[in-house]
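In what follows, a single structure is set out as structure tokens and then discussed.
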Amino acid sequence: MLKIIITGGSGLLGQYLNLAASEKYDILTIYNSNPGNCLRFNSAKTDLRDEDRFNKLFADFKPNIVIHSAAITNPIPKPDQSPKLYYDVNVQAAKNLAGLCGKFNSKLIYISTDLVYAGYRGSMLKEDAKLIPASLYAETKLMAEIKIQETIENFIILRTSLLYGFGLNHSRCHFHNMFEDLKNKLPVKLFIDQFRTPISLNEAARIIIETIDKDIRSDIINLGGKERVSRYELGEILCNEAGLDKTLLEKIKMSDVHQLPKVEDVSLNTDKLRLFRINQKSIGESIKEMLKD
């Protein structure tokens, strides 16, 4: 049985990765603060910046695969989040993990973001589209991509689109908050001028795990849904599927949110993903499934 280390195991995506990976593989899931569902599995509490600790974890566990999903993801840094902290966690830690993967002959699956692309160069962007990150988060994710490519050859970089769904345990996302507000008949403000190709947390985790069994090496692949939508349109689909009141949705523009990095369109072309016989469900299908659970 393959052995897999998952970083960011208590995060929004990480907890779904724990569930999906543990069905087929022997996992070691890493968390730093909140454990989330990590304690249900073989797990370790470790700071991403502790290279010595990770070296010991690699030596003891001997992973075949490392899924690196941990990062500081805030587009607008919090007061205690300096540029150096972003660099140390998002870039240097990724480089260190890549070095350990090389040392222990492990494949690295790196979870990047659609926000590395220029947000004003058209829609349904392919993997070779212009890269101009607009936030410190996106900039450090792109820097990490470069460090990984410079360090090892056995890697997959997955540029992941907007994730939606219901967070597990302590984790939350905008979609989850939107659903709860709409259920409580509260108004929700949603962008009409930013376009993504959203993918559900469950679908993203499934697809990431599917890449393990594919013959993919030294490659960058877009990971997103099939449909290009605004946040407002995503809200409309949720209302349609869940029987919620669409009149509670309020249209806003990105310029209405102070300090928000403006990214107009980073919708993803996912033809390359489907070349590996990996297919995505529609937004409607995904929401129907999560509402059943």
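Consider the stretch 193-237. How many of its residues are under 27 Å from Glu250 (Cβ atoms) and not acidic (Asp, Glu)? Working first, answer last.
From the stretch 193-237, those under 27 Å from Glu250 (Cβ atoms) are 193-201, 224-237; that's our starting set.
Add one more test, that the residue is not acidic (Asp, Glu), and what stays is 194-201, 224-226, 228-232, 234-235, 237.
Looking only at that region, the number is 19.
Among the residues of the stretch 98-143, write down those that are of a type in the set (Lys, Arg) and modelled with pLDDT of 95 or more. If you could, list the steps in order and put the result at the bottom.
Step one: of the stretch 98-143, the residues of a type in the set (Lys, Arg) are 103, 107, 121, 126, 130, 141.
Across the stretch 98-143, the qualifying residues are Lys103, Lys107, Lys126, Lys130, Lys141.
Can you confirm whether the stretch 161-171 contains a residue that is open to solvent by 10 Å² or more (accessible area, probe 1.4 Å) and either without any contact (Cβ under 8 Å) to a residue 40 or more places away in the chain or under 19 Å from Lys262 (Cα atoms) (or both)?
Within the stretch 161-171, one or more residues are open to solvent by 10 Å² or more (accessible area, probe 1.4 Å) and either without any contact (Cβ under 8 Å) to a residue 40 or more places away in the chain or under 19 Å from Lys262 (Cα atoms) (or both).
Considering each residue of the stretch 264-289, count those that are open to solvent by less than 70 Å² (accessible area, probe 1.4 Å) and either at pLDDT below 95 or polar (S, T, N, Q) (or both), and give that number.
The number of residues fulfilling the criteria is 6.
Among what's in the stretch 117-140 and is of a type in the set (S, T, N, Q) and under 28 Å from Asp50 (Cα atoms), pick the residue that is surrounded by the most Cβ atoms within 10 Å (Cβ to Cβ).
Only one residue fits best here, namely Thr140.
Collect the residues in the stretch 119-140 that are of a type in the set (Gly, Ala, Ser) and within 14 Å of Asn269 (Cβ to Cβ), keeping them in residue-number order. Talk me through it step by step, then tell me what you get.
Step one: of the stretch 119-140, the residues of a type in the set (Gly, Ala, Ser) are 119, 122-123, 129, 134-135, 138.
Gly122, Ser123, Ala129, listed by residue number.
For a quick check of your reading of the model, give me the residue pairs whose first member lies in the stretch 172-201 and is touching a residue at least 60 places away in the same chain (Cβ under 8 Å) and under 14 Å from Ile287 (Cα atoms), whose second is surrounded by 21 or more Cβ atoms within 10 Å (Cβ to Cβ) and among the aromatic types (Phe, Trp, Tyr), with beta-carbon atoms closer than 6 Å and at least 6 apart or on different chains.
Close Cβ pairs (under 6 Å, with a partner that is surrounded by 21 or more Cβ atoms within 10 Å (Cβ to Cβ) and among the aromatic types (Phe, Trp, Tyr)) amount to Phe175/Tyr164; Pro198/Tyr164; Ser200/Tyr164; Leu201/Tyr16.
Could you tell me which residue of the stretch 210-233 is nearest to the chain's Cα centre (by Cα), considering only residues that are open to solvent by 10 Å² or more (accessible area, probe 1.4 Å) and of a type in the set (A, V, I, L, M)?
Going through the stretch 210-233, the residues open to solvent by 10 Å² or more (accessible area, probe 1.4 Å) turn out to be 210, 212-215, 217-220, 226-229, 231-233.
From what's left, of a type in the set (A, V, I, L, M): 212, 220, 229.
Working: Ile212: 16, Ile220: 14, Val229: 18 Å.
The residue in question is Ile220.
Could you identify the single residue in Ser123, Ser135 that is closer than 26 Å to Asp193 by Cβ and touching a strand residue (DSSP E or B) at 6+ places or on another chain (Cβ under 7 Å)?
Working: Ser135 fails: touching a strand residue (DSSP E or B) at 6+ places or on another chain (Cβ under 7 Å).
Going through Ser123, Ser135 in turn, the sole match is Ser123.
The values are calculated or read from the model by the stated rules, or taken from the named source; none is laboratory data. Small disclaimer: the values here were computed from a predicted structure and weren't measured. Using ideal geometry, Cβ is built from the backbone for each residue, glycine included, and neighbour counts are taken over all protein chains shown. For accessibility, only protein heavy atoms count, side chains too; no ligands or nucleic acids. Shrake-Rupley method; radii C 1.70, N 1.55, O 1.52, S 1.80 Å.
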